[in-house]
Amino acid sequence: QVQLVESGGGLVQPGGSLRLSCAASGSIFGIYPMGWYRQAPGKQRESVARISSEGNTNYADSVKGRFTISRDNAKNTVYLQMNSLKSEDTAVYYCKNLVLGSWGQGTQVTVSS
């Protein structure tokens, strides 16, 4: 059973930045595509960004040019760098192993002045 633990959320002003981390258990992390999702209050969970095992990435239109997903296979960790944050980015952010279907517990991101 792969376990995922997110960290790095918090309160940030509009225009600010945060970097989320997702640490995974297991020795074969590098073969799995990973994704970041978010769920705002009263809304469905949505895909934010994905990264393949080779490092290919894709993003939701709403975050293109502002968010960057990356991974460090030596550290079993996937990151989400979030810049130029907007109030509409406020949500609980989750990482997911896209093959095994494992989810982390989520980390809250609040963008507010």
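The values are calculated or read from the model by the stated rules, or taken from the named source; none is laboratory data. Values in this document were obtained by computation on a predicted structure and should not be read as measured data. Note: areas computed on protein heavy atoms with side chains; ligands, DNA, RNA excluded. Shrake-Rupley method; radii C 1.70, N 1.55, O 1.52, S 1.80 Å.
Which number in (1) within 20 Å of VAL2 (Cα to Cα); (2) in a strand (DSSP E or B); (3) open to solvent by 70 Å² or more (accessible area, probe 1.4 Å); (4) not charged (D, E, K, R) marks the one condition that GLN105 misses?
(2)
What is the residue count in region 74-85 for residues that are more than 11 Å from the chain's Cα centre (by Cα) and farther than 14 Å from VAL48 by Cα?
Residues flagged as more than 11 Å from the chain's Cα centre (by Cα) and farther than 14 Å from VAL48 by Cα within region 74-85 amount to 4.
Just for region 25-53: of the residues that are open to solvent by less than 20 Å² (accessible area, probe 1.4 Å) and at pLDDT 95 or above, which one is nearest to the chain's Cα centre (by Cα)?
Here is the first cut: in region 25-53, the ones open to solvent by less than 20 Å² (accessible area, probe 1.4 Å) are 29, 34-36, 38, 48-49, 51.
When the remaining residues are screened for being at pLDDT 95 or above, the result is 34-36, 38, 48-49, 51.
Values: MET34: 9, GLY35: 6, TRP36: 3, ARG38: 8, VAL48: 7, ALA49: 7, ILE51: 10 Å.
Among those that are open to solvent by less than 20 Å² (accessible area, probe 1.4 Å) and at pLDDT 95 or above, it is TRP36.
Please give the number of the condition THR68 fails out of (1) open to solvent by less than 60 Å² (accessible area, probe 1.4 Å); (2) assigned to a strand (DSSP E or B); (3) among the β-branched types (Val, Ile, Thr).
Evaluating THR68 over (1) open to solvent by less than 60 Å² (accessible area, probe 1.4 Å); (2) assigned to a strand (DSSP E or B); (3) among the β-branched types (Val, Ile, Thr) leaves (1) as the failure.
Just need a number here: residues in region 80-102 that are open to solvent by less than 30 Å² (accessible area, probe 1.4 Å) and either basic (Lys, Arg) or assigned to a strand (DSSP E or B) (or both).
Going through region 80-102, the residues open to solvent by less than 30 Å² (accessible area, probe 1.4 Å) turn out to be 80, 82, 85, 89, 91, 93, 95, 97, 102.
Cutting the leftovers down to either basic (Lys, Arg) or assigned to a strand (DSSP E or B) (or both) gives us 80, 82, 91, 93, 95, 97.
Adding up the residues that qualify gives 6.
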